[in-house]
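The values are calculated or read from the model by the stated rules, or taken from the named source; none is laboratory data. Model, not experiment: these values are computed from the prediction. When we count neighbours, we look across all protein chains shown, and the Cβ atoms used for this are built from the backbone with ideal geometry, even at glycine.
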Amino acid sequence: MKLEKAFRFYQKRNNYDIIINSKGSIQRIAVTNISYIEKDRDDLIFHTIEGDFSERGSIKAMKEKLSELPFSECTSGCLVNLENVKRVEKDIITLNNGTKLPLSRRNKKQFTQEYITYVGGGY
């Protein structure tokens, strides 16, 4: 049972790309390369290790698209890749690259629980 759980965890983390329409070009991004996705008016900004890319869209639709992957909402309009979280504090999340993101009181309990589940291999 533990081996099956570990295998599912490995597959979900390593075999998923998303396609975005970024300024007239189509961009393929490995989900593991995304640090976080934030909403900026009518656009989504994908912050990745390769740079930032934007696409028209909604956080709600992206959240549904990534529902089976280790992403969690830290504030309204910001999805964080749990793989890139280094530290969770009272109201701040620090990513592996040093970026600090706010953690809202409304999302704190759910985000923290999802992070603990992820670190424990629950995804």
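Rundown of residues vs (1) over 30 Å from Met1 (Cβ atoms); (2) of a type in the set (Asp, Glu); (3) touching a helix residue (DSSP H, G or I) at 6+ places or on another chain (Cβ under 9 Å); (4) at pLDDT 90 or above, yes/no style:
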position: Arg41; (1), (2), (3), (4): yes, no, no, yes
position: Gln110; (1), (2), (3), (4): no, no, no, yes
position: Val119; (1), (2), (3), (4): no, no, yes, no
position: Tyr123; (1), (2), (3), (4): no, no, yes, no
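Of the residues making up the range 87-123, those that are among the hydroxyl-bearing types (Ser, Thr, Tyr), part of a strand (DSSP E or B) and over 19 Å from Gly77 (Cα atoms) number 0.
Could you figure out which of (1) part of a helix (DSSP H, G or I); (2) surrounded by 12 or more Cβ atoms within 10 Å (Cβ to Cβ) isn't true of Gln27? With (1) part of a helix (DSSP H, G or I); (2) surrounded by 12 or more Cβ atoms within 10 Å (Cβ to Cβ) applied to Gln27, the lone miss is (1). The residues in the range 89-98 that are within 17 Å of Pro70 (Cβ to Cβ) and at pLDDT 95 or above can be counted, and the count is 3.
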